[in-house]
Amino acid sequence: MNSRTLKSGLAVVLAGFAVLLAGNQFGARADDKKPSAMPPASIPTFSTDNIAREGFFYVGGEYVGDPGKEEMHGAMYVEVMVPKQIRQKYPIVLFHGNGQDGTVWKQTPDGRPGWAYYLINSGYVVYIVDYPARGRSPYVPDVDGKLGLRTATELSQIWTGPTLSGGDFPRMKLYTQWPSDSPKKGTKGDPVFDNFIKGQMQFVQGQEKTAVPAGIALLDAIGSPVILITHSQGGGIGFNVADARPNLVAGMVAIEPGGPQIGVVDTAKVTYTGKIGNAWGITNMPMHYDPPVNSPDDLKTYLEEKSDRPDEVPCYMQKEPVHKLVSLQNIHILSISAEGTYHRVFDVCIPKWLNQAGVKDEFVRLEDVGIHGNMHEMFLDRNSDVVIKFIDDWLRKNIK
């Protein structure tokens with residue numbers, strides 16, 4: 001062996017020894033497993049194998065402010081997911097509720113895939129929004145105004161843990177599907193609730209003033225008919241968007257839309273407060289009626305003598321002659337109310353108003369179709385896939 005070969009071999013040995021020392025310096029051992037970049041089990045992940053393409057964009061918005069100091073106001077964030085196999089004719093557009101953003105459709109608070117992925121796996125193209133001034137959409141302080149935010153107690157009482165937090169509405173003990181087994185189920189200290197509240201969003205008053213124009217702009221950008229799936233606050237926004245673009249809405253699912261029409265209800269006492277809400281019938285913004293309604297005063301109403309059920313209020317209905325909601329008459333709507341929700345007190349009223357106004361709205365109390373124990377945010381519940389399967393089956397059967 002010549003000196004050059006000896007020196008080369010020695011260099012290799014020394015280099016290997018240096019690597020070993022470096023590993024030991026950081027606490028590694030030669031027989032340790034290789035480090036993994038995979039997230040730990042505590043960070044939820046799930047397969048996206050059925051997504052072929054995805055992206056995001058913004059719609060709506062306008063410049064406001066003095067010359068040279070303009071800001072963009074009213075723009076809305078939208079993300080789109082395209083399945084590898086598009087098997088459904090119409091895309092789904094998801095409108096979320098108040099105090100939330102589009103992430104509620106993507107993942108449950110206990111880390112399961114949300115409804116968006118169920119729909120993708122069923123072959124739908126899916127669009128998800130964050131309303132203007134919410135989530136990933138810009139908030140303009142001097143224009144959008146004061147922000148609100150629900151407290152842990154408020155969230156527990158109306159959505160997640162009413163029996164443990166002092167909730168007060170007739171059906172709250174029927175809520176059994178919050179996805180946690182903690183003794184503090186649905187309240188502060190429950191790990192699933194503590195995770196849920198971290199994603200609750202600030203909100204502005206009069207959200208519909210920016211969300212409706214942005215929603216219309218979204219449908220114009222898509223350019224072909226869609227199915228709207230709306231929740232709570234998103235219901236009124238969806239009704240106004242559909243009213244403005246009826247030819248771009250093939251069908252609609254209204255999950256416990258904000259209501260009732262005309263009046264405001266005390267859900268604990270199951271009675272009206274005397275205040276006015278949804279003055280245009282089912283929304284707070286003008287809608288197209290025939291004969292035309294130029295102001296809410298043109299809608300002459302009466303209160304039903306008796307409600308359908310003891311834990312529901314009677315509904316305000318139109319006096320004859322009835323003003324028809326002409327733009328919505330070719331849009332088939334499914335309205336859903338959960339078994340254990342505070343919304344049940346008035347959920348039947350908007351479907352009644354719509355049907356009287358010439359719109360085909362099928363109202364379903366979930367327990368009547370064998371789906372039990374849900375609350376207002378049924379897409380987060382333990383049996384959330386059962387609910388979206390019911391919706392998907394209804395869409396396939398009724399939206400042609």
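The values are calculated or read from the model by the stated rules, or taken from the named source; none is laboratory data. Owing to the predicted nature of the structure, the values given are computational and were not obtained by experimental measurement. Counting neighbours? That spans all protein chains shown, and the Cβs are built from the backbone with ideal geometry, glycine included. Only protein heavy atoms, including side chains, enter the accessible area calculation; ligands, DNA and RNA are left aside. Shrake-Rupley method; radii C 1.70, N 1.55, O 1.52, S 1.80 Å.
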What number of residues within region 171-227 are closer than 25 Å to VAL387 by Cβ, in a loop (DSSP other than H, G, I, E, B), touching a residue at least 24 places away in the same chain (Cβ under 8 Å) and of a type in the set (D, E, K, R)? 3
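Determine if region 247-254 includes at least one residue that is out of contact with any helix residue (DSSP H, G or I) (no Cβ under 8 Å at 6 or more places or on another chain) and either open to solvent by 20 Å² or more (accessible area, probe 1.4 Å) or outside any loop (DSSP other than H, G, I, E, B) (or both).
So in region 247-254, the residues out of contact with any helix residue (DSSP H, G or I) (no Cβ under 8 Å at 6 or more places or on another chain) come out as 247, 250.
Cutting the leftovers down to either open to solvent by 20 Å² or more (accessible area, probe 1.4 Å) or outside any loop (DSSP other than H, G, I, E, B) (or both) gives us 247, 250.
Checking region 247-254: at least one residue is out of contact with any helix residue (DSSP H, G or I) (no Cβ under 8 Å at 6 or more places or on another chain) and either open to solvent by 20 Å² or more (accessible area, probe 1.4 Å) or outside any loop (DSSP other than H, G, I, E, B) (or both).
Quick one: how many residues across region 12-59 are polar (S, T, N, Q), modelled with pLDDT under 50 and exposed (fewer than 10 other Cβ atoms within 10 Å of the Cβ)?
At the first step, the residues of region 12-59 found to be polar (S, T, N, Q) are 24-25, 36, 42, 45, 47-48, 50.
The next check asks that each one be modelled with pLDDT under 50; those that pass are 24-25.
Filter once more, so that each one left must be exposed (fewer than 10 other Cβ atoms within 10 Å of the Cβ): 25.
Number of matching residues: 1.
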Kindly establish whether PRO260 is open to solvent by less than 10 Å² (accessible area, probe 1.4 Å) and either assigned to a loop (DSSP other than H, G, I, E, B) or of a type outside the set (Gly, Ala, Ser) (or both). yes
Report, by residue number, each residue of region 160-210 that is over 17 Å from ARG344 (Cβ atoms), surrounded by fewer than 19 Cβ atoms within 10 Å (Cβ to Cβ) and basic (Lys, Arg). LYS184, LYS188, LYS198, LYS209
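Could you list, in sequence order, all residues of region 339-359 that are of a type in the set (Gly, Ala, Ser), farther than 17 Å from ALA268 by Cα and open to solvent by less than 20 Å² (accessible area, probe 1.4 Å)? Let's see the steps before the verdict.
Within region 339-359, the first condition is being of a type in the set (Gly, Ala, Ser), and the residues that meet it are 340, 357-358.
Those still in the list that are farther than 17 Å from ALA268 by Cα too: 357-358.
Hit for region 339-359 is ALA357, nothing else.
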Hits in region 269-279 (condition: open to solvent by less than 40 Å² (accessible area, probe 1.4 Å) and at pLDDT 95 or above): VAL270
